[in-house]
Structures are given as C-alpha cells and as structure tokens.
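Single-structure report; data block below.
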Amino acid sequence: MDLPTAWNLDDKSTYLSVDSSGLRVNYEGLGESSKDSGAIRANHPIPLQCKLFYFEVDIIDEGKTKIIGVGFCEKKVDLNGMPGN
C-alpha cells in the first residue's frame, strides 16, 4: 500500500512550483482573484482502507492577500482553483 509522502511534481496547478524534494510548494501566480488560485495533489492518494490518516502543512508565507485553502480532492478536480470549488 503506497501512502502519500510528498507533493506530486507533475499533478499541480500551473501557478505552483515544487522543489526537488517534493516537500515545498511555492505559489507563483498574481493572487489578485480567485481565478489565480492553484492546487496540488500528493504523490499517492490516501488509500480507502486507511480509517485514519494524519498530515500537516506549514504555511511559511501567507502572501499579500492571505487567502490559503487546504483540503482534499478527487482525481478529476481542476487544480487551477481553490479546494472545494
């Protein structure tokens, strides 16, 4: 069973960059509207048989608009938007 251990280097919004470790994501958009949002998926989904899964995210810089979303999504979700939209 593969568990998520890093961010997916390829499955992400065009507004995001990921360092080579897969652990740090940088937002590179303008951040002037909700259309400038970006999302990224993990390198593996959380397996359905996991009844409990823990993860944490450290926000190092909240940006000029201070709008950040953290959430879960399905594979078919457009990553050029906020989680849940």
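Where a number appears in this text, it was derived from the coordinates with a stated rule and is not lab data. From a predicted model like this one, the values you see are computed outputs, not experimental measurements. Heads up, the Cβs are rebuilt from the backbone with ideal geometry, glycines too, and the neighbour counts pull from every protein chain shown.
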Worksheet item: If you work out volume of the Cα convex hull per residue in Å³ from the coordinates, which of (i) 238; (ii) 104; (iii) 139 do you get?
Response: (ii)
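How high is the relative contact order of the chain, in percent, with contacts defined as C-alpha pairs under 8 Å that are six or more residues apart? Working shown, then result.
On the way: 115 pairs, mean separation 28.0, N = 85.
Reported as a whole number, the value is 33 percent.
Show me the chymotrypsin sites (Phe, Trp or Tyr not before Pro) within the stretch 1-80 that DSSP assigns to loop and that have at most 16 other Cβ atoms within 10 Å of their Cβ. If you can, show how the numbers build up before the last one.
On the way: sites: Trp7, Tyr15, Tyr27, Phe53, Tyr54, Phe55, Phe72; in loops: Tyr15, Phe53, Tyr54, Phe55, Phe72.
The qualifying sites are Phe53, Tyr54, Phe55, Phe72.
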Practice prompt. Please report how many Lys pairs in the chain have alpha carbons closer than 18 angstrom, counting only residues at least 8 apart along the chain or sitting on separate chains.
Written response: 5
Worksheet item: Residue farthest toward the positive end of the dipole of the chain, with Cβ of Lys/Arg at +1 and Asp/Glu at -1: which of Trp7, Tyr54, Ser17?
Response: Tyr54
